[in-house]
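This report refers to the structure that appears directly beneath it.
The values are calculated or read from the model by the stated rules, or taken from the named source; none is laboratory data. None of the values given here were measured: they were computed from a predicted structure. In this analysis, Cβ positions are derived from the backbone assuming ideal geometry, glycine residues included, and neighbour counts consider all displayed protein chains. Ligands, DNA and RNA are excluded from the accessible area calculation, which covers all protein heavy atoms including side chains. Shrake-Rupley method; radii C 1.70, N 1.55, O 1.52, S 1.80 Å.
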There are 2 protein chains.
Amino acid sequence: MQNETLTLNTHRLISGLIAQGVHQFVISPGSRSTPVALLIAERVQQQPALRLFVDVDERSAAFFALGMAKTQQVPVALVCTSGTAAAEYLPALAEARLLHIPLIVLTTDRPLELTNIGAPQAIDQTELYGKQVKQSQRLELQQPGTTNADFIAFQSQRSVLTAMALPRGPIQLNLPLRKPLLPDLGVTPPQIKTVTVPQATVALAPTALTELAGQLQGKRVLLIAGPEEDSAYRATLLALSQKCHWPLLADSLANLRGRGAVISNFDLLFQARTTLPAALQPDVIIRFGSTPVSAPLMTWLEQQTVPLYLVGAQRQMADYSRATTHVLAADEQLLLAELLAVMPAQDATYLANWQQYAQRLQTKLTVPTELNEVTSVQVLDRLLPATSRLFISNSMPIRDVEDFYSGQAVRELYCNRGANGIDGVVSTAAGMATLGGANYLLIGDLALFHDMNGLMMLRRYQLPLTIVVINNNGGGIFSFLPQAAATDYFEDLFGTPQALDLAQVAALYQRSYQKVTTLVEFEQALQMQVQFIEVISQRADNLQLHRRLVSCLKQELSGDD
Amino acid sequence: MQNETLTLNTHRLISGLIAQGVHQFVISPGSRSTPVALLIAERVQQQPALRLFVDVDERSAAFFALGMAKTQQVPVALVCTSGTAAAEYLPALAEARLLHIPLIVLTTDRPLELTNIGAPQAIDQTELYGKQVKQSQRLELQQPGTTNADFIAFQSQRSVLTAMALPRGPIQLNLPLRKPLLPDLGVTPPQIKTVTVPQATVALAPTALTELAGQLQGKRVLLIAGPEEDSAYRATLLALSQKCHWPLLADSLANLRGRGAVISNFDLLFQARTTLPAALQPDVIIRFGSTPVSAPLMTWLEQQTVPLYLVGAQRQMADYSRATTHVLAADEQLLLAELLAVMPAQDATYLANWQQYAQRLQTKLTVPTELNEVTSVQVLDRLLPATSRLFISNSMPIRDVEDFYSGQAVRELYCNRGANGIDGVVSTAAGMATLGGANYLLIGDLALFHDMNGLMMLRRYQLPLTIVVINNNGGGIFSFLPQAAATDYFEDLFGTPQALDLAQVAALYQRSYQKVTTLVEFEQALQMQVQFIEVISQRADNLQLHRRLVSCLKQELSGDD
C-alpha cells in the first residue's frame, strides 16, 4: 500500500460510523477531504445498504443531511474540506442542536503546521461550531500505531452514540490531514472491535408513577402535543386521551390531527381570546413534544397556575412559558403505556366541552372560495395522499398550517422548528424526499429564493418533491407585525420584493411548472403532479383575510365566560 | 415617545458607528432587528453620505459587506435578526478574520429569558463566531440610565476602532432585544461624546533602520509582494525596487504587475524548476503583503536559508514556509520611505539577470490562439480598461491569473485569499461593484452556482459588474490533483458536473448574456459590454494545455545551473 496508515485508519473511522448506524453520507467536493470521501464512496459501492449524496454547496448539504436525519430518525454523516466549507455548516447545525437531530460532521482540516500561519484554506477549525454542537473531537488518521488505530475505531463509534444519546444533537469530528491525501483503493477494511449498546429507556420510578396517576385521577386533564418527529408514542398518547376522555391539543407538527380526541384549532381560539371559558379550564396540563407553533397558546400557558407536567427525556425544561411545574424526564412511550394501564376511564364532560367549542369555532371559519394563502392550506389538507409527507417552511406557511390544517388524512408534517429559520428549507425538504414516496413542500417565495441551491439536489438525484410556492413577492409575515406602521421604510427593509420569475427558476432546475390563480387550477395542478406550483398571493389581501377571520372569531367567542 | 430608551440608545449606537467611519450598512430583513434596521434606514435617508443595502440571504449579505470593506478599506456594518440568520455570517467572517477585513456585525438576539428555553428563533448567540471574530460584545439597548447610554455611545465607537486596529478584523456586537421592537421615528438623534483618534503608525526604531540598511547594502535583495488591497505603499515599493535595482516578484493580487522592475511570471518558473539558477539566487529576501498565491514560490521559500524579512504590522509571522528570520512589524509605507531615503543605488546586475530570465520564460509561453482558460485570462489582461477592477474566484481562475496576467494596464485585482473558499465569490464581487466604474468577475461554473444568490444584489441595485464564467461543467482544479487517478469515483466526488444552463441563469437575473467559443467572440462580447459571458472549456483539454506549457518550460529551463 502507498498510504497504509491513512487508508486503514480512514476505513476504521468509516466502519465505526457504520457499526453504530450511520448508513447515509452527504459529501461536498474538496481536496483535503479526499481520503474520507473516496473510501466512503468505495464502501457505498460495496454495500447496497449505504447511500451517498454529493452536494456542491455545503450550506445546502448540511440542511439536506438534516432533512434525512430528522425524517428518518437516524444519524447522518457530513463530509467537507477545510476552511469556509466547514463554516457553511453552522446554520444547519444550530437547527440540529435545538431540535436534537443527530448529525455527524466530519470536517477535514489542515494539520497544525498549516493552521494560523498564512496557509491557504486554513481557518481555525477548533471549536468552530461553539455551542451549536454537543461535542467536538479531533482524530489523527495519519498517526501510526495500534493504540491510535483502536482509538479511531472506538471514538468514531462513540461519537455516533454521543450524538444519539438523549438529548440528541450534532457532533463534530475534526480530521487534520497532511499530503499525500490519496488513499489506497481496493483494500479490505480492517476488522474493528464493535461496541454493542442495547436500547435503554428511562422510566419513572414506580412510586412516582403511582403518585402521578393519583394526581390525575378525577381531574380535568388537558394534553398538549407539540411538534414531534418520532412516531413511537403517538398511538399510545391517542389511546390514553381516548380512554381518559382527556382533550388533546395537537400542534400541526405533532402529526396527530384528524385522529381520536384531538383538538386542532386551538391557536385560533387563543388568537380570539386570551383566557379560556370556565368549562374548558383544566386542573392539570401535560405537555409532550417540543415548543408548540402556537405563540398564543404559549402566552396563555404563561398565565396558568395549575400543575404542568413536561414529558420527555429530551425536553430539559425548555419551556419558555415557564409554566412547567413537574418534569417527567422519562421515555414518552413507556410512561404513556404505564399510565394507560393504571388510569381508569374518566368523566367525559370536559372533553365534550372542548369538542363542542372546537366545533363551534370551526363553523365560523367560512373562508372565501377563492385561492389564497389560507385556502391553499385547506386544499393541501384535503388532497394530499395519505402517508405522504409535507414539509412546511417557517414564517407564514407554518402559521397558516397551524391554523387551517386539520389532518384529513394521516400524513407526516415536518418543519425546521428548532431555530425557525427561513434558510435551508428547500434542502431540508430535499433530504426528506430521499425517502421516496409522495413528498410536498409548502414555501414562500423569500424562503425559496434563500435556498434555491437545494433545487439542484432534486434535479441531480431525481428526488420526488412537489413544491408549492406561495408567491406574495416578499416577506408576507411582516405585514402582520407593528413594523408595517413604518410605511416609509417598510417595502425596502421588510417587504423586500425579489420579483423572482418562478417559471424561470423551475426551468433552470428542470421542474414541470404551473402558475395557478384559482382553487380549481391549484387542485388540478396537484392532481396532475406538477412539480413546481406557483400560487399567487397579495400581501395586503392576505393580511385582510387573516384579520377578518380573527375578528369574526373574536366577535363570536368573546362573550363566553 | 413610545419607546424612548430603545430609540435613543439605538441612535447612540448608530451615531457611534458613524462617528468612527462606518458609512455603509448591509441589512437582512427580520423582526428582531427592527429598531436597528429602521433607525439606520432613517439616518441614511437624512445623511446622503451614508449607504444602505438590503440582502435577503445573510450569507450573501456578509460576503457583500466583505466586498465593500476589502475594496474600500473601510469598516462596513452588517445587521441581521436572531437565530440561524446570524449563523449564516460565519463563512464571510472566517474570510474577513484571515484577510484582516473590518466588518462590524450587529446580531440582534432574543433576551436572556428567551434563550436556551425553547423559544422560537433563539440559538445561543454568545461566542457564536468563536475565533472567527476579533471580539464579541453585548450591548443592552433597552437598559435605561445615563451610564448605559454613555456606555453604548462609547462602546460602539470602540468596536469600530477595535476592528480597525492592526491587525484588522471583524467584530460582533450582540444586541438582545425585548418586544416592543418598534422604535420611534422622526426623533432627533441625541448628541454623543465622540472619541478622536489621530492616525498612528508603527515605525522601526532609528537604530534598527540603520542596521537594516547596513544589512541590505551590497546584497542581492529579492523583494516579494504578496496580495495587498491597500494601495498606500505601492508607489514607494516600486521606487525602492527601481532605485536599488532589486527585482520585485509581484503576486497578481499585489496590484503591481506591469510596472517598474516587476517580475510577473515567477510561479511558472518555480513550476518548471524547484531551485533557482545561481544568477538569480538572493542574499536577502523581503516579503510584503499576505501569503502569495504561488504555492511553488512558498515551497521554494521553505528551502531558503538566507535572511527573510517579513514586513507589516498585520502579518504576525503568518508565513507557512517558516522562512521568516526577521519580522519588521512596522507600517510599510513609513519603512519603505525611510529605506528609500537612506539606501544608495545598488548594482544592477542581479535585476538584469532576473529580467533576462523572465523574458526568456515569456518567449516560451506560446499559447494556442484558440479560446481556452489560459487565453481567457490573456484577453482580460489585454482588453480590460485601465482603472477597472477585476475580482477573481478561487480555485482555477486565480491560479491562471497568477500565471498569465501581466498587468497590461493598471487595474485593481481582488480575490478572497484569506480562506480561499469558492463560496461567496459573486456576492463579494457585487460588494466591490458598489464603487461604480468598470468591474469584472472571473469565475468558474461551480463557484458561480455556489453563490448565485449574489446575482440578486446586482439586479436589485443595478451594480455594474461584467461576469465572465469559465464553464467547464464542474471542478476543473481536481483534474490537476492526484485524485484524478481515482477514475471510478472522480466525476461523482470531484468533477461534480452541475449541467447549469447559464443562459437561463442570466435571464433569471436579467443580465445580458452571450456564450463565446472563440477569442474573437470573447473580445467582442467584452467590448459590447455583455454583462454575463460564458466561456466554454473542457476540463480534460484544460489539463493537457497546462501540462504542455509546464512541460515545455521544464525542458527549456531545467538545464540551467
Quiz item: Name the pairs: first residue in the stretch A:353-379 and farther than 13 Å from A:L268 by Cβ and of a type in the set (D, E, K, R), second residue open to solvent by less than 50 Å² (accessible area, probe 1.4 Å) and outside any loop (DSSP other than H, G, I, E, B), Cβ to Cβ under 6 Å, at least 6 apart or on different chains?
Solution: A:E373/A:D400; A:E373/A:I470; A:E373/A:N542
Self-check item: the stretch A:1-29, subset at negative phi, of a type outside the set (A, V, I, L, M, F, W, C) and in a loop (DSSP other than H, G, I, E, B), residue nearest to the other protein chains (Cβ to nearest Cβ)
Solution: A:P29
Quiz prompt | Number of positions in the stretch A:271-295 that are open to solvent by 20 Å² or more (accessible area, probe 1.4 Å), away from chain B (no Cβ under 14 Å) and out of contact with any Asp or Glu (no Cβ under 7 Å at 6 or more places or on another chain) | solution = 7
Exercise. Identify, from the list A:L93, A:L66, the residue that is in contact (Cβ under 8 Å) with a residue 24 or more places away in the chain, touching a helix residue (DSSP H, G or I) at 6+ places or on another chain (Cβ under 9 Å) and over 20 Å from B:A419 (Cβ atoms).
Key: A:L66
Exercise. Could you check how many residues of the stretch B:39-83 are open to solvent by 20 Å² or more (accessible area, probe 1.4 Å) and over 23 Å from the mean Cα position of the chain (by Cα)?
Key: 6
Quiz item: Could you list, in sequence order, the residues of the stretch B:537-558 that are over 16 Å from B:I470 (Cα atoms) and either of a type in the set (S, T, N, Q) or open to solvent by 70 Å² or more (accessible area, probe 1.4 Å) (or both)?
Solution: B:Q544, B:R547, B:R548, B:S551, B:K554, B:Q555, B:S558
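Inspect the stretch B:518-536 for any residue being within 29 Å of A:P35 (Cβ to Cβ), surrounded by fewer than 16 Cβ atoms within 10 Å (Cβ to Cβ) and either out of contact with any strand residue (DSSP E or B) (no Cβ under 8 Å at 6 or more places or on another chain) or aromatic (F, W, Y) (or both) and give the result as yes or no.
The initial filter retains those residues of the stretch B:518-536 that are within 29 Å of A:P35 (Cβ to Cβ), namely none.
No - not one qualifying residue is present in the stretch B:518-536.
Taking the residues in the stretch B:100-124 that are among the hydrophobic types (A, V, I, L, M, F, W, C) and open to solvent by less than 30 Å² (accessible area, probe 1.4 Å) as candidates, determine which candidate is farthest from the chain's Cα centre (by Cα). Explain how you work it out, then say what you get.
Here is the first cut: in the stretch B:100-124, the residues among the hydrophobic types (A, V, I, L, M, F, W, C) are B:101, B:103-106, B:112, B:114, B:117, B:119, B:122-123.
Going one step further and asking which of them are open to solvent by less than 30 Å² (accessible area, probe 1.4 Å), we end up with B:101, B:103-106, B:119, B:122-123.
Working: B:I101: 8, B:L103: 13, B:I104: 17, B:V105: 18, B:L106: 21, B:A119: 38, B:A122: 32, B:I123: 30 Å.
Among residues in the stretch B:100-124 that are among the hydrophobic types (A, V, I, L, M, F, W, C) and open to solvent by less than 30 Å² (accessible area, probe 1.4 Å), the one farthest from the chain's Cα centre (by Cα) is B:A119.
Got a sec? Which of B:V284, B:V306, B:V327 is within 23 Å of B:A203 (Cβ to Cβ), free of Cβ contacts under 8 Å to residues at least 60 places away in the same chain and touching a strand residue (DSSP E or B) at 6+ places or on another chain (Cβ under 9 Å)? Walk me through it before giving the result.
On the way: B:V284 fails: free of Cβ contacts under 8 Å to residues at least 60 places away in the same chain; B:V306 fails: within 23 Å of B:A203 (Cβ to Cβ).
Selected residue: B:V327, the only one of B:V284, B:V306, B:V327 that is within 23 Å of B:A203 (Cβ to Cβ), free of Cβ contacts under 8 Å to residues at least 60 places away in the same chain and touching a strand residue (DSSP E or B) at 6+ places or on another chain (Cβ under 9 Å).
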Quiz item: If you scan the stretch B:418-465, which residues turn out to be under 14 Å from the mean Cα position of the chain (by Cα) and surrounded by fewer than 24 Cβ atoms within 10 Å (Cβ to Cβ)?
Solution: B:N420
Quiz item: Out of curiosity, is A:V535 touching a residue at least 40 places away in the same chain (Cβ under 8 Å), over 29 Å from A:F478 (Cα atoms) and assigned by TED's automatic domain parsing to the domain that holds A:F478?
Solution: no
Exercise. For A:E373, state whether it is under 23 Å from A:T71 (Cα atoms), buried (at least 22 other Cβ atoms within 10 Å of the Cβ) and among the acidic types (D, E).
Key: no
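This table checks each residue for (1) outside any loop (DSSP other than H, G, I, E, B); (2) touching a helix residue (DSSP H, G or I) at 6+ places or on another chain (Cβ under 8 Å); (3) away from every other protein chain (no Cβ under 14 Å).
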position	(1), (2), (3)
A:V377	yes, yes, yes
A:R382	yes, no, yes
A:P385	no, no, yes
A:N394	no, yes, no
A:I398	yes, yes, no
A:V401	yes, yes, yes
A:D423	no, yes, no
A:A429	yes, yes, yes
A:G436	no, no, yes
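Just to be sure before I move on: is A:Y509 surrounded by fewer than 21 Cβ atoms within 10 Å (Cβ to Cβ), within 14 Å of chain B (Cβ to nearest Cβ) and among the hydroxyl-bearing types (S, T, Y) in the structure I sent? Even if it seems obvious, please write down each step before you answer.
Values: surrounded by fewer than 21 Cβ atoms within 10 Å (Cβ to Cβ): no; within 14 Å of chain B (Cβ to nearest Cβ): yes; among the hydroxyl-bearing types (S, T, Y): yes.
For A:Y509, the condition - surrounded by fewer than 21 Cβ atoms within 10 Å (Cβ to Cβ), within 14 Å of chain B (Cβ to nearest Cβ) and among the hydroxyl-bearing types (S, T, Y) - is not met.
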Quiz item: Name the pairs: first residue in the stretch B:43-56 and over 21 Å from B:L458 (Cα atoms), second residue of a type in the set (A, V, I, L, M, F, W, C) and at pLDDT 95 or above, Cβ to Cβ under 6 Å, at least 6 apart or on different chains?
Solution: B:R43/B:I14
Practice problem: Evaluate the stretch A:236-248: report whether one residue or more is out of contact with any Lys or Arg (no Cβ under 9 Å at 6 or more places or on another chain), β-branched (V, I, T) and assigned to a loop (DSSP other than H, G, I, E, B). | Solution: no
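For the stretch B:256-281, name all the residues that are touching a residue at least 40 places away in the same chain (Cβ under 8 Å) and either β-branched (V, I, T) or within 30 Å of B:G214 (Cβ to Cβ) (or both).
We begin by selecting, within the stretch B:256-281, every residue touching a residue at least 40 places away in the same chain (Cβ under 8 Å); these are B:256-259, B:261-269, B:271-273, B:277-281.
Residues satisfying the conditions are B:L256, B:R259, B:A261, B:V262, B:I263, B:F266, B:P277, B:A278, B:A279, B:L280, B:Q281.
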Quiz item: Are there any pairs with C-beta distances below 9 angstrom linking a residue in the stretch B:287-299 that is in the same structural domain as B:Q333 (by TED's automatic domain parsing) and over 20 Å from B:P167 (Cα atoms) to a residue that is among the acidic types (D, E) and assigned to a helix (DSSP H, G or I), with the two at least 6 apart or on different chains, and if so which?
Solution: B:V293/B:D267; B:V293/B:E402; B:S294/B:D267; B:S294/B:E402; B:S294/B:D403; B:A295/B:D267; B:P296/B:D267; B:L297/B:D267
Quiz item: Out of (1) without any contact (Cβ under 8 Å) to a residue 40 or more places away in the chain; (2) among the small types (G, A, S); (3) assigned to a loop (DSSP other than H, G, I, E, B); (4) surrounded by 16 or more Cβ atoms within 10 Å (Cβ to Cβ), what's the single condition that is false for A:A499?
Solution: (4)
Practice problem: Give me a count of the residues in the stretch B:159-173 that are touching a residue at least 40 places away in the same chain (Cβ under 8 Å) and either hydrophobic (A, V, I, L, M, F, W, C) or open to solvent by 10 Å² or more (accessible area, probe 1.4 Å) (or both). | Solution: 9
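Mind checking whether some residue in the stretch B:454-463 is assigned to a loop (DSSP other than H, G, I, E, B), at pLDDT 95 or above and more than 8 Å from every other protein chain (Cβ to nearest Cβ)? First the steps, then the outcome.
Step one: list which residues in the stretch B:454-463 are assigned to a loop (DSSP other than H, G, I, E, B), which gives B:462-463.
Restricting the remaining residues to those that are at pLDDT 95 or above gives B:462-463.
Next, from what is left, pick out any that are more than 8 Å from every other protein chain (Cβ to nearest Cβ): B:462-463.
Yes.
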Practice problem: Go through the stretch B:403-421 residue by residue and tally those that are assigned to a helix (DSSP H, G or I) and either in contact (Cβ under 8 Å) with a residue 60 or more places away in the chain or not hydrophobic (A, V, I, L, M, F, W, C) (or both). | Solution: 1
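Considering only residues that are assigned to a loop (DSSP other than H, G, I, E, B) and more than 7 Å from chain B (Cβ to nearest Cβ), look in the stretch A:113-132 and name the one that is modelled with the highest pLDDT. Please lay out each step first, then the result.
Restricting attention to the stretch A:113-132, the residues satisfying the condition of being assigned to a loop (DSSP other than H, G, I, E, B) are A:115-129.
Checking the rest, the ones that are also more than 7 Å from chain B (Cβ to nearest Cβ) come to A:115-116, A:122, A:125-126, A:129.
Details: A:T115: 90, A:N116: 89, A:A122: 91, A:Q125: 94, A:T126: 85, A:Y129: 98.
Ranking the qualifying residues of the stretch A:113-132, first place goes to A:Y129.
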Quiz prompt | Positions within the stretch B:435-454 being in contact with a Leu (Cβ under 7 Å, 6 or more places away or on another chain) and more than 25 Å from B:D381 (Cβ to Cβ), in sequence order | solution = B:F449
Self-check item: Residues (open to solvent by 30 Å² or more (accessible area, probe 1.4 Å) and hydroxyl-bearing (S, T, Y)) located in the stretch B:296-319
Solution: B:T299, B:T305
